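Report on the following structure.
No lab work stands behind these numbers, since they all come straight from the coordinates. For clarity, every value in this text was computed on a predicted model and none was experimentally measured.
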Amino acid sequence: MTDALRGAYRVMRTIRAVEERVRPTGDHPYGGEEALAAGVCLHLDGRDAIAGTHRRHGQRIAKGVDVRAVIAEIREQRLVATDTLGGVPLLICGAAVAAKQQETGGVGVAFLGDGPGTTLEALNLASAWHLPAIFVTENAGYADRVAGLGVPGIVVDGSDFFAVHEAAGEAVGRARRGGGPTLIEAGFPRYADDCLQRFRARVTDSGELREHVLDAIDAEVAELVEMSVSAPKPAAVEPETDVYVSY
């Protein structure tokens, strides 16, 4: 259990450190939502797919993408185009369809922010086809709106890692067992404590981890991020590569 807690804290601290070190001010920061990304993605493995909006870097780190690759993307400003954001829910429906047809046991997770574009259409589709899909939104009221679709709607405090982790575990398990989609509505109380400080307080008060262990993780993560920032920039990607049609 202590190894799992150390791993969860490392993920959240890494997301925070990357945000503080390299993301431009005002560029849709993910800071403060680390518990949401970690609480969901720590249930996932190589069978699973995630998709998110322009604030997706924290989610990718939580899913296990190499920190150097994430930092390189931020530095090169290779961001998702605005007109693709509304399609995130349907992209995940596609991933869920593939997992279901191939019987991999995989799930698709859509991080929707405040619920853009095709969210309700995708939820309707996921319900009708009984897809292994999970929709994570910050839009208050969505949990109530999906009741008519037969999709469970779970409301959690998005700054509480343990609440998110429990809710996501139930949703992922349900999807893997063929139980269909779930929507997780993650609220962020205006005056909530910082999610990293909440995590530290809980595990140190319970005696599961000591302060010096968490401090050591802070130092290791800071060193990793600095090394990643100092790494040579990757070669430029030619715009003609990785396309379906050559012009």
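Suppose the chain between D144 and E208 were pulled fully straight at 0.36 nm per residue; how much longer would it get relative to their current alpha carbon spacing? If you can, show how the numbers build up before the last one.
Numbers: separation 64, 0.36 × 64 = 23.04 nm, distance 3.62 nm.
Contour length minus the Cα-Cα distance gives 19.4 nm.
In the calculated pair-distance distribution of segment 2-230, the portion above 30 angstrom amounts to 22 percent of the Cα-Cα pairs.
Near L209, the amide H atoms lying under 5 Å from its own belong to T204; only residues 5 or more places off or on other chains count, and H is placed 1.01 Å from N. Stretching the chain fully between T104 and D218 yields a gain of 37.4 nm (0.36 nm per residue, less the alpha carbon separation).
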